[in-house]
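Data block below; observations after.
The values are calculated or read from the model by the stated rules, or taken from the named source; none is laboratory data. Because the structure is a prediction, the values reported are computed rather than measured. Virtual Cβ from ideal backbone geometry, glycine too; neighbours counted across all protein chains shown.
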Amino acid sequence: MSNRASLLDDSTRLMRDFMTYAVLFQDAVARAAGLTASDLQALGLLINEGPTSTGTLASRTGISAGGGITQLVDRLESAGFVRRERSATDRRRVLVAPVVDEVQRRVGPLYARIASEWETYLSTLSDDDLRVCVDFMAAAVEINRRHVEDSA
């Protein structure tokens, strides 16, 4: 096997492992925060993308519009992680908005140790190596996002 083929095989295996352990870590964080994995993923989307309708949140998470997404939002609202608010442009429309300070206060510390380890590792990289990592992760996010949307 050529060096490139070997590297491609390694990258495939490592990406699979990375995604598996990322999901398992997120599950552990969700449990520690008293949330479900779906709750935590929805919070992540709301924090990254801002307030959105329950219908949009349902389609982005793959949770059925109506009962399923309403229960998720109800749980997050009861826990103080989100609030429902009227759209500034269409007062008939209700948006789900993250309470970022509360999420950071209660969930942020659960990421502290892993964030510290990543910070330590990334500090060992040159700017050029770090640029390659950033480009790779940006491409991975975009590819995964596109495939999530295509699967919905």
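Please go through the stretch 29-52 and give me each residue that is without any contact (Cβ under 8 Å) to a residue 12 or more places away in the chain and not small (G, A, S), ordered by number.
R31, N48, E49
Identify, by number, the condition in (1) surrounded by 14 or more Cβ atoms within 10 Å (Cβ to Cβ); (2) over 18 Å from the mean Cα position of the chain (by Cα); (3) assigned to a helix (DSSP H, G or I) that L45 doesn't meet.
With (1) surrounded by 14 or more Cβ atoms within 10 Å (Cβ to Cβ); (2) over 18 Å from the mean Cα position of the chain (by Cα); (3) assigned to a helix (DSSP H, G or I) applied to L45, the lone miss is (2).
Applying the selection to the stretch 82-100, what residues are under 17 Å from A30 (Cα atoms) and either at pLDDT below 90 or touching a strand residue (DSSP E or B) at 6+ places or on another chain (Cβ under 7 Å) (or both)? Reasoning before the result, please.
Kept after step one, since they are under 17 Å from A30 (Cα atoms), are these residues of the stretch 82-100: 82, 98-100.
Answer for the stretch 82-100, where residues must be under 17 Å from A30 (Cα atoms) and either at pLDDT below 90 or touching a strand residue (DSSP E or B) at 6+ places or on another chain (Cβ under 7 Å) (or both): V82, P98, V99.
Any residue at all in the stretch 71-84 that is over 17 Å from Q41 (Cβ atoms), touching a Pro at 6+ places or on another chain (Cβ under 6 Å), touching a residue at least 12 places away in the same chain (Cβ under 8 Å) and among the aliphatic types (A, V, I, L, M)?
So far as the stretch 71-84 goes, no, none of its residues is over 17 Å from Q41 (Cβ atoms), touching a Pro at 6+ places or on another chain (Cβ under 6 Å), touching a residue at least 12 places away in the same chain (Cβ under 8 Å) and among the aliphatic types (A, V, I, L, M).
One line per residue, one yes/no per condition, for (1) modelled with pLDDT under 95; (2) in contact with a helix residue (DSSP H, G or I) (Cβ under 7 Å, 6 or more places away or on another chain):
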site: L24; (1), (2): no, no
site: G34; (1), (2): yes, no
site: P51; (1), (2): no, no
site: A58; (1), (2): yes, yes
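What is the one condition in (1) modelled with pLDDT under 90; (2) among the polar types (S, T, N, Q); (3) under 17 Å from R106 (Cα atoms) that S78 does not satisfy?
(1)
Considering only the stretch 104-152, state which residues are under 18 Å from Q41 (Cα atoms) and among the basic types (K, R).
Across the stretch 104-152, the qualifying residues are R105, R106, R145, R146.
Being without any contact (Cβ under 8 Å) to a residue 40 or more places away in the chain, in contact with a Lys or Arg (Cβ under 7 Å, 6 or more places away or on another chain) and surrounded by fewer than 14 Cβ atoms within 10 Å (Cβ to Cβ) is true for just one of S87, S64. Which residue is that?
Details: S64 fails: in contact with a Lys or Arg (Cβ under 7 Å, 6 or more places away or on another chain).
Answer to the selection: S87.
Scan the stretch 104-142 for residues that are assigned to a helix (DSSP H, G or I) and under 30 Å from L72 (Cα atoms) and report the count.
Step one: filter the stretch 104-142 for residues assigned to a helix (DSSP H, G or I), giving 104-106, 108-122, 127-142.
Now drop any that are not under 30 Å from L72 (Cα atoms), which leaves 104-106, 108-115, 137-142.
Selection size over the stretch 104-142: 17.
From the list D74, D101, D39, exactly one residue is under 28 Å from F18 (Cβ atoms) and part of a helix (DSSP H, G or I). Which is it?
Details: D74 fails: under 28 Å from F18 (Cβ atoms); D101 fails: under 28 Å from F18 (Cβ atoms).
From the options D74, D101, D39, the qualifying one is D39.
Which residue, of D90, D10, D17, is over 22 Å from R145 (Cβ atoms), in a helix (DSSP H, G or I), over 15 Å from the mean Cα position of the chain (by Cα) and of a type in the set (D, E)? First the steps, then the outcome.
Details: D90 fails: in a helix (DSSP H, G or I); D17 fails: over 22 Å from R145 (Cβ atoms).
Just one listed residue meets the conditions, D10.
Among (1) free of Cβ contacts under 8 Å to residues at least 24 places away in the same chain; (2) within 21 Å of A32 (Cβ to Cβ), which single condition is P98 missing?
In the conditions (1) free of Cβ contacts under 8 Å to residues at least 24 places away in the same chain; (2) within 21 Å of A32 (Cβ to Cβ), P98 misses (1) alone.
Inside the stretch 26-58, can you point out the residues that are more than 24 Å from E85 (Cβ to Cβ) and touching a strand residue (DSSP E or B) at 6+ places or on another chain (Cβ under 9 Å)?
Kept after step one, since they are more than 24 Å from E85 (Cβ to Cβ), are these residues of the stretch 26-58: 26-32, 37.
Listed by number, the list is empty, since nothing qualifies.
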